[in-house]
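The structure appears below as structure tokens.
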Amino acid sequence: IIKKIENLSRLYLLNETGNISSAIQLSETFLSRSSNVEISIRLANAYSQINQCDKAKKILVNETDYSALEINSLRLALRTLLNSDVPQAAYDVYRSLAKSKQMDSSLRATYIKVLERLGDNIETARLTDYQSLVKKYRLAEINPDIDVHVLNKQLEDFILPHPAQQYEPGAHTTRYGTQIHLERDWNPALLTLEQGIKHAVEQFSQINTIQALPQLKSATVSFHLWATIFTRQGH
């Protein structure tokens, strides 16, 4: 497993630095020793970048079990199929995936490009009707018993002195401020907020326009709550 990760990392770096010929040579060397779907996809992608689309198609169109691939490999495979001018194959791959994988934003974005290439204007328009996928709810409208001013004060009293604040934490985008992740640290105000959000999601899932994303009707709602506290010029 470690060797496989090292090989994929080396191929990724070669591709990212534009050293396509070396990426092709390394991929072919790996594949001469043993078959590997993920490396095959990266080889196909390298071919597509130097306009050797026939070679890319031969590798990808003959690939059978996309369902077992992890998301990053699927994203690369779909993009490569599209760039190799076989949008129908990309369409078939996407449609064969489990609904949970189809919900991936990157895969869906490539799928919309595939639909455009195939000339399916109706489906493209349906999936890009973003206004139908957005609705604003106010907590007081969802639950009239909630006093928003009181709730905000409770949240403020809980969050501002919180000991787990991290200033500009590592890989996150918070600047000039702190961030706190709250999965394991609960209080009544957060529970009230979560219940309100859940109720809004349940209402939204019943709206007719949600037909644009039918998977959401049976999706499990999960939450990841965090708070940010900004100083001057924080963003």
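The values are calculated or read from the model by the stated rules, or taken from the named source; none is laboratory data. Just so it is clear, the structure is predicted and the values come from calculations on it, not from any experiment. Neighbour counts are summed over all protein chains in view; Cβ atoms, including those assigned to glycine, are modelled from backbone coordinates with ideal geometry. Heavy atoms of the whole protein, side chains included, go into the accessibility calculation; ligands, DNA and RNA do not. Shrake-Rupley method; radii C 1.70, N 1.55, O 1.52, S 1.80 Å.
Taking all protein chains as shown and a probe of 1.4 angstrom, residue 223 keeps an accessible surface of around 60 Å².
Of the cross-linked pairs 113/136; 136/198; 57/99, those separated by over 22 Å at the C-alpha level are 113/136; 57/99. Peptide packing: for 165-173, 117-125, 84-92, 72-80, the average count of neighbouring Cβ atoms within 10 Å per residue gives the ranking 72-80, 84-92, 117-125, 165-173, highest mean first.
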